[in-house]
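> Can you keep this structure in mind? I'll have questions shortly.
The values are calculated or read from the model by the stated rules, or taken from the named source; none is laboratory data. Computed from a prediction, not measured in an experiment: that's the story for all the values here. With ideal geometry, Cβ positions are generated from the backbone for all residues, glycine too; neighbour counts draw on all protein chains shown. Protein only, heavy atoms only, side chains kept; ligands, DNA and RNA dropped before computing areas. Shrake-Rupley method; radii C 1.70, N 1.55, O 1.52, S 1.80 Å.
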Amino acid sequence: MSKKGQIVKVSGPLIVAEGIENAKMYDVVRVSEKHLIGEIIELRGNRAWIQVYEETAGLGPGEPVTTTGEPLSVELGPGLIESIYDGVQRPLDIIRQQEGDFITRGINIPGIDKSKKWSFNPRVKKGDKVSSGDILGVIQETPVVEHRILVPDGVEGSVQDIRKGEMTVEQTVAVIANGKEKTEVNMLQNWPVRKPRPYKQKLIPVIPLITGQRVFDTFFPVGKGGTACVPGPFGSGKTVIQHQLAKWADADIIVYIGCGERGNEMADVLLEFPELTDPRSGEPLMKRTVLIANTSNMPVAAREASVYTGITIAEYFRDMGYSVAVMADSTSRWAEAMREMSGRLEEMPGDEGYPAYLGKRIAEFYERAGRVICVGSDGREGSLTVVGAVSPPGGDLADPVVQATLRIVKVFWSLEDKLAYQRHFPAISWLNSYSLYHSNLESYFQKEIHEDFPDLRKEAMRILQEEADLQEIVKLVGVDALSMSDRVLLEIARSIREDFLHQNAFHEVDTYALMDKQYLMLKIILELYDLFKKAMENGVPFEKLSSLPIREEIARAKYHPEKEMEKIEGIRKEMVKQVEALIKEEKVHA
C-alpha cells in the first residue's frame, strides 16, 4: 500500500503534494478526507503536481493525498448507451437520484451498473480457439445496438467454458485457457483513457459520413473515419451544427462530448434526443447515443478528462465493428483548461499563453479517429469519425487552437457571423471551407448517387466562386452595368445559395435531405442555368427569365418529403416547358 502524502499548496484546480510514495505520472489520486479525484500531471523530486477534477474550495496544506496506483480509466461494457456522464464517467442521472441537483464532492459511483443483469448469448463454443478482439458473445443493449463482448487485449487460447443467460457485468461469461494459464472473462473492461485502443490496420476513408446536411454532403463531405473541425464566432451556429450531426449522421453510435459549453446546450440535447426518431431505425435517437457532459460551470480541469473519456468509449464501440461519430463541443474550452493548468504549473507559455504542447495534445486526440481493421480474427471493419467545434475569440481563424486543429484535420467547415446575421443557416462559408476527402469519395458518389454528381458539385462551386468576383464589381458600378450572361450567373448563384445551401434545422422535412434528393435539387438548378443561357442566346430578356413562375417551385423543392420525389422531378419538367415557351414566344415576336 502507498503511504499517504500531504498537501503543501493549493492553487485553484492545481494541488501540490509531497511524500506520496510510489507515485507515477498520470496516476489517479484521492485528495483530502473528501476523496476528491485528481491526476498527477508532474513529478519533481518528492513533490507531485495534481490536477483535481472537482471543486477544491476549502482545501488547505496538511490534508492527506493517497495514490490509487492506477491511471485514469473508464469502465467499458453493457450499459454505456443512453448514459449521461460527467468528465470522469460518473453517471449524472444516478447522482441526481441519490444526491439531488448538485454533485456532492468526492462522490464515487461506478460508470456501469454492476447489479443489472444482461442476457448474454455466446458466439463461440467450448474448444474454439480465440484471440484478442474476437467476439465471445452478444447482448441486445438497446433495440438498435447489439453490444459485442470481446476477448480482452492480451488474452488468447482455447475456450474452456462459455456460459449463456442472465448475468451481471462482473460475472464470468467465459474461461480461456492458454497452456496452464486460465483467464476468466467477464463483460466489464477497464481501459486507460490516455492510451489509444489497438487495431490491426488503418485504412483510407472511402465512404462518406452522410449527414443529411446539403452543404456538407454535397460540397464538403467527411469520410467515415475522417476528421473535421467547425470553427466560428459566438452565435454563428456551432452547437446547432453539432446537434444536427449527432441527430442525423449516418453512424451506428454517437458519442457527444459537451466540453466546457453552457449547460443549457446539453439540456437541449437531453430534452430533444429522446423525442426525436432515428430515421434509420425508427427508435429514439438516445438508443444509440452516449453523452459526456462537462459544462462551463463544472471544474475546469475535468474538461481534459471528458475529451479522453469520450474518445475511449468511442474506440470501444469502433472495436466491435461499428461506425462511430464523436462530436466534441468545444475543443477550445479544453485548450483554455490546458492554458490555465500550464500557467499554474509556471511553464513557459507559447502563442497567446497556450502551452507549447497544445498542438501535440490536439493532434493526439484527432489521430485516434480512423477507419480500421479491428483486432480479432474475423477481419471486421470499424470507423471512428471526429468532428470538433472550435470557438476562437471573435471568430479569429489565426487563433492558435484553430491553427493547431487545421494542421491535423482534413475537413474545414468555416462558420461566418456575416452569414448568420443574414439568417443564412448553416452559416458555412462556401468560399473558405474545404474537404480533402473529395478524391477518396468520388468513386462512391459516382457509383451510389450518380456518375455526374462530382461534376455537378464542381460546376456549382465554380458558379459560387465567379459570383464572389462579380459581387466586387457590383459594389462599384451596380448590377445594371453587368452583361446579361453575368446577371444570369448571379441569379443562378443566388438560387444555389438560397434554394440549396440554405437549410432549416427546425423544419420537419428540411432538417434532413437524402443524397438522392440533394442530387436532384442541384441538378435542377444547374439545368435551369443551361436553359437560361439557351434562352439568352435566343434573345429572351433577363427580366422575363428572372420572373418565371417555376422559380417559386424550385425554391420550395426542399420542403417536399423524400416520398414525394416525383414532385421534384415534375418541377424539372415544368421548368423546361416554361423556358421553351419563352423562347418560342420570343421567336414569334422577332
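> Can you pull the accessible area of Lys114 for me, 1.4 Å probe, Å² to the nearest 10?
50
> Taking the dipole about the Cα centre of region 205-360, with the C-beta of Lys and Arg at +1 and of Asp and Glu at -1, give me whichever of Tyr354, Gly260, Ile207 is farthest to the positive side.
Result: Ile207, furthest along the dipole toward the positive end.
> Counting only helical runs of four or more DSSP H residues, what would the 222 nm mean residue ellipticity of the chain come to if each run contributes -39,500 (n - 2.57) and the total is spread over all its residues?
On the way: 15 runs with 189 residues, N = 590.
Calculated at 222 nm, the ellipticity per residue is -10000 deg cm²/dmol.
> Same structure, new question: Can you pull the three principal axis extents for the Cα set of region 274-427, in Å, largest first?
48, 44, 31
> So what does Asp480 come to for accessible area, using a 1.4 Å probe and Å² rounded to 10?
Its accessible surface works out to 120 Å², give or take rounding.
> Return the FRET efficiency for the residue pair Lys126, Ser429: r is the Cβ-Cβ distance, R0 is 51 Å, and the value is rounded to the nearest 0.05.
Numbers: r = 60 Å, r/R0 = 1.18.
The calculated FRET efficiency here is 0.25.
> On a 0 to 90 degree scale, rounded to 10, what angle separates helix 302-319 from the longest Cα axis of the chain?
For 302-319 against the chain, the angle is about 80 degrees.
> Given points 7 Å out from each Cα along the Cα-Cβ axis, report the Asp480 to Asn538 separation in nanometres with one decimal.
That separation, rounded to one decimal, is 2.9 nm.
> If the cut-off is a Cα-Cα distance under 26 Å, which lysines reach Lys360, setting aside same-chain residues fewer than 8 apart in sequence?
Straight-distance partners of Lys360: Lys24, Lys195, Lys200, Lys202, Lys224, Lys238, Lys410.
> Largest first, what is the accessible-area ranking of Tyr53, Tyr559 with a 1.4 Å probe?
Details: Tyr53 5, Tyr559 70 Å².
Greatest to least solvent exposure: Tyr559, Tyr53.
> To the nearest 10 degrees, how steeply does helix 453-477 sit against the main Cα axis of the chain, on a 0 to 90 scale?
Orientation of helix 453-477: about 70 degrees from the principal axis.
> Students sometimes get this wrong: rank Tyr444, Tyr199 by accessible area, probe 1.4 Å, all chains present, largest first.
On the way: Tyr444 60, Tyr199 95 Å².
Ranked from most to least accessible, the order is Tyr199, Tyr444.
> How would Trp334, Trp430 line up by accessible area, probe 1.4 Å, largest first?
Details: Trp334 0, Trp430 30 Å².
Output order, biggest surface exposure first: Trp430, Trp334.
> Of the heavy-atom accessible surface of region 146-235 (probe 1.4 angstrom), what whole percent is carbon and sulfur?
48
> Here's something else I'd like to know. Just need the relative contact order of the chain here, percent rounded to a whole number, with Cα pairs under 8 Å and 6+ apart.
13
> How much of the accessible area of region 446-590, probe 1.4 Å, is carbon plus sulfur, in whole percent? Please list the in-between numbers first.
Working: 3780 of 7480 Å².
About 50 percent, which is the carbon plus sulfur part of the accessible surface.
> Would you please classify the overall shape of region 479-590 from the alpha carbon gyration tensor, given that a ≥ b ≥ c denote the square roots of the eigenvalues, rounded means a/c under 1.5, and beyond that prolate means a/b larger than b/c while oblate covers the rest? Could you put the intermediate results ahead of the total?
Details: a/c = 2.81, a/b = 1.74, b/c = 1.62.
Prolate.
> For a test of the definition: using alpha carbon positions, the gyration tensor, and the 1.5 limit on a/c, classify the chain as rounded, prolate or oblate.
It comes out prolate by the Cα gyration axes.
> Checking the a/c ratio against 1.5 first, then a/b against b/c, what shape does the Cα gyration tensor give for region 190-235?
Numbers: a/c = 3.28, a/b = 1.48, b/c = 2.22.
Cα axes put region 190-235 in the oblate bin.
> Show me the chymotrypsin sites (Phe, Trp or Tyr not before Pro) within region 57-133 that DSSP assigns to loop and that have at most 15 other Cβ atoms within 10 Å of their Cβ. Display every interim value, and only then the final one.
Details: sites: Tyr85, Phe102, Trp118, Phe120; in loops: Phe102.
Answer by residue number: Phe102.
> Right, here's the next one. To the nearest 10 Å², what's Ser158's accessible area with a 1.4 Å probe?
Surface accessible to solvent at Ser158 totals approximately 30 Å².
> Quick one: the Cα spread of region 24-127 along its three principal axes, in angstroms, biggest first?
Here the spans come out as 55, 41, 18 Å, largest first.
> With only Lys, Arg, Asp and Glu charged, each at its Cβ (+1 for the first two, -1 for the last two), find how big the charge dipole of the chain is about the Cα centre; round to the nearest 20 debye. List each step's numbers first, then the result.
Values: 73 positive and 88 negative charges, 275 e Å.
In total the dipole reaches around 1320 debye.
> Quick check: residue separation of Glu184 and Gln201 times 0.36 nm, minus the Cα distance between them. What number comes out in nm? If you can, show how the numbers build up before the last one.
Details: separation 17, 0.36 × 17 = 6.12 nm, distance 2.81 nm.
Difference between extended and current length: 3.3 nm.
> Could you work out what % of the accessible surface of region 34-124 is carbon and sulfur, using a 1.4 angstrom probe and leaving DNA, RNA and ligands out of the count?
Numbers: 1930 of 4110 Å².
Summing carbon and sulfur atoms, their accessible area is 47 percent of the total for region 34-124.
> Hey, another quick one. Semi-axes of the equivalent ellipsoid for region 277-331, please: Cα gyration tensor eigenvalues, times 5, square-rooted, ordered largest first, whole Å.
Working: eigenvalues 119, 45, 12 Å².
One finds semi-axes of 24, 15, 8 Å for region 277-331.
> With every protein chain left in place, what is the accessible area per residue of the chain in square angstrom, probe 1.4 Å? Before the final figure, lay out the partial values.
Numbers: 24870 Å² over 590 residues.
Accessible area per residue, the chain: 42 Å².
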